[in-house]
Amino acid sequence: MFTVVVTVIPAIAAAAGAGLVAPSLLGRNLASYELAAVGLVFGLVGWALTASHRRRARKRILEMRDSALW
């Protein structure tokens with residue numbers, strides 16, 4: 001559930017922010033596929049960050065377990 005929240009909410013926020021800021025920066029509204037691309041990129045970044053966090057946590061737990069066995 002945490003992964004979904006960390007992935008989806010920033011992606012939606014980034015797409016909404018890009019939709020609001022683009023007219024003033026670019027002078028035109030973004031097309032729907034451009035907004036989807038922004039959301040996808042931020043979603044992938046969020047997913048990668050949570051995957052990295054889970055991997056580090058799992059490694060830390062395994063190291064603690066291994067040191068407790070000695």
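Report whether or not Val38 is surrounded by 13 or more Cβ atoms within 10 Å (Cβ to Cβ) and free of Cβ contacts under 8 Å to residues at least 40 places away in the same chain. It is true that Val38 is surrounded by 13 or more Cβ atoms within 10 Å (Cβ to Cβ) and free of Cβ contacts under 8 Å to residues at least 40 places away in the same chain.
Selection of first residues in segment 48-65 that are of a type outside the set (A, V, I, L, M, F, W, C) and of second residues that are open to solvent by 90 Å² or more (accessible area, probe 1.4 Å) and assigned to a helix (DSSP H, G or I), restricted to Cβ pairs under 8 Å at least 6 apart or on distinct chains, gives the following pairs, ordered by first then second residue: Thr50/Phe2. Residues that are open to solvent by less than 50 Å² (accessible area, probe 1.4 Å) and modelled with pLDDT of 85 or more within segment 24-34 comprise Ala31, Glu34, listed in sequence order.
The values are calculated or read from the model by the stated rules, or taken from the named source; none is laboratory data. Everything quoted here is computed from the prediction, not taken from an experiment. Note that we place each Cβ from the backbone using ideal geometry, even for glycine, and neighbour counts take in every protein chain shown. The accessibility values were calculated without ligands, DNA or RNA, using every heavy atom of the protein model including side chains. Shrake-Rupley method; radii C 1.70, N 1.55, O 1.52, S 1.80 Å.
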